[in-house]
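Chemist: Structure incoming, see below.
Any read-out appearing in this document is the output of simple, stated calculations on the displayed coordinates, not a laboratory observation. On a predicted model such as this, the values are computed, not experimentally measured, just so you know. Every residue, glycine as well, gets a Cβ built from its backbone with ideal geometry; the counts of neighbours run over all protein chains shown.
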Amino acid sequence: MNGDHLNSQAAAPEDEIAKAIGDFEARTLAEMAGHFNKLVYLASLRDYNTGRYHHYGLETRYSAAAVDKALHECHIRIFEDLMTLPLEEQTRDLVTMFQSVREDRKRLIETWSRLRSYQVLPPADCHPLARQLFDKNIKVMLRVLRETDLWALLYEPHGDPNDLP
């Protein structure tokens, strides 16, 4: 984790940051299914002009600096956890996120491929190789989902990988 996240305002005490993390994980992240859902949400809390994270509810209980640092740390954790999963599990997770959007899957796949909005999902200061791996994994997953009918197969155990369409 980057110790001076974008030279955050005044430094927040570590205990306040830890409390904000615990609060956010218990009240928000625990209610969300999957890494991609969490990444999308965390990325939406980051101001694209300043790179700082904001969350109205947390900012009523903790300083803005503590919330910024806490959300940044949560973002890094979720991203790193996702990147340690095998590609098949990442694909399942992406499918879960797409299903939660309740939009036509082909439209989602095409929009993600065309707009590449997934590029805003990693933490801003993640390692360049991790960002490249993430982008390549997304491209592979989208291509697999676009070119095959693996949606149902991802949830069904099958014996022989040669049985895939």
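Chemist: Take every Cα pair under 8 Å in the stretch 13-83 that's 6+ residues apart, average their separations, divide by the length, and report that relative contact order as a whole percent.
Modeler: Relative CO of the stretch 13-83 lands at 43 percent.
Chemist: Turning to a different aspect of this structure: Please compute the modelled spin-label separation between Gln132 and Glu110, points set 7 Å along Cα→Cβ, answer in nm with one decimal.
Modeler: Taking the simple label geometry, Glu110 and Gln132 are separated by 3.2 nm.
Chemist: Which ordering of Tyr118, Tyr56 is given by a fewest-first count of other beta-carbon atoms within 10 Å?
Modeler: Going from sparsest to densest Cβ surroundings: Tyr56, Tyr118.
Chemist: Restricting things to alpha carbons, tell me how big the stretch 13-83 is in terms of Rg and Dmax, in Å.
Modeler: 11.3, 32
Chemist: Just want the ordering: Met83, Met141, from fewest to most Cβ atoms lying within 10 Å of their own Cβ.
Modeler: Result, fewest neighbours first: Met83, Met141.
Chemist: Moving on. Which of the trypsin sites (Lys or Arg not before Pro) found in the stretch 1-109 are in a DSSP loop and have at most 15 neighbouring Cβ atoms, other than their own, within 10 Å?
Modeler: Counting only loop positions with at most 15 other Cβ atoms within 10 Å, the trypsin sites (Lys or Arg not before Pro) in the stretch 1-109 are Arg61, Arg102.
Chemist: Could you check the simple spin-label distance between Val144 and Glu89, using points 7 Å along Cα→Cβ, in nm with one decimal?
Modeler: Distance between the two pseudo-spin positions: 1.4 nm.
Chemist: Test of understanding: extend the Cα→C-beta vector of Thr96 to 7 Å, then name every residue of the stretch 28-69 with backbone N under 18 Å from that spot.
Modeler: 28-43
Chemist: Give the lysines reachable from Lys106 as a straight Cα distance under 26 Å; neighbours fewer than 8 places away on the same chain don't count.
Modeler: Within the straight-line limit of under 26 Å, Lys106 reaches these lysines: Lys38, Lys136, Lys139.
Chemist: Still on this structure, I have one more. If you split all Cα-Cα distances of the stretch 1-121 into 5 Å bins from zero, what percentages do you get per bin, shortest first?
Modeler: 2, 11, 19, 22, 18, 13, 9, 5, 1, 0
Chemist: State the Kirkwood hydrodynamic radius of the stretch 87-156 in Å, one decimal place, computed from all pairs of distinct Cα atoms.
Modeler: Hydrodynamic radius (Kirkwood, Cα pairs) of the stretch 87-156 is 12.7 Å.
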